[in-house]
Amino acid sequence: MDLNRMNDYIEGLYACVEGPSWEPGEVKNGLEASPAGNDLARMLRLLVYVTGAGRILDIGTGLGVSATVMAQALKDRGGRVVTIELDEDSAERAEDNFRRAGVAGMIELFIGDALAVAPELPGEFDLIFLNVDKRLYAHLLPDLVRLLRRGGVLAARDTLYPALADEPFRPEAADAVEEFNCWVRDYRDLESIILLVEGGLTLAVKK
């Protein structure tokens, strides 16, 4: 099974409606590009629609692409995205991207350590997207499950790191993801699966 050919087919199929994939540093539809690919963007939009999300938590803002994609999917029915970013420079660039995309009024950005911010967040979320320092994944999981409503979805990026032995990932990142994967698998309140989207995408539903 040639996964690269399959991925090329999928990207080609959707290119007519999305245009070419982003490359780092490019600007597309008013947004500065980040490592988030078209495949992941499609999945995030789909998750917003499938969950009927009105309140979304995005952990690891980066340049704001994932938060923007989800906010755009919310536009027709309203809703908000709460996003957390540790790096002030990245947060500033993300806010510029939010303004360019016309979704700044739908996104609340917290600058700080997710381990400190997440426990203080009130209420419940319909969808949580986790894409932060992999060493934080397992430490954040109890708070994320608490914040997720029943029937809500937790999506975590790059969860196939442990299987990508030939890639230049730091061993501690792969070990941290392995710990997270085992915790999610064994968490009694979650039903989960890992999809072959980019570096692996875990989807877990709170029962």
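Key figures for this structure:
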{"item": "Overall Cα dimensions of the range 89-207, principal axis frame, Å, largest first", "result": "39, 35, 26"}
{"item": "Listed residue (Thr68, Ser90, Ala173) projecting farthest to the positive dipole end of the chain, Cβ model", "result": "Thr68"}
{"item": "Label-point separation in nm, Leu121 to Ala104, each point 7 Å along Cα→Cβ", "result": "2.3"}
{"item": "Met70, Met6, Met43 arranged by Cβ crowding within 10 Å, fewest neighbours leading", "result": "Met6, Met43, Met70"}
{"item": "Rel. contact order, % - alpha carbon contacts under 8 angstrom, at least six apart, the chain", "result": "17"}
{"item": "Cβ-based charge dipole, the chain, positive-most Cα from Val205, Leu136, Cys182", "result": "Val205"}
{"item": "Cα centre as origin, Lys/Arg/Asp/Glu Cβ charges: the chain dipole, Debye", "result": "1020"}
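Only the coordinates and a few stated rules stand behind these numbers; no lab work does. All values reported here derive from a predicted model rather than from experimental measurement. Neighbour counts run over all protein chains shown; Cβ positions are idealised from the backbone, glycine included.
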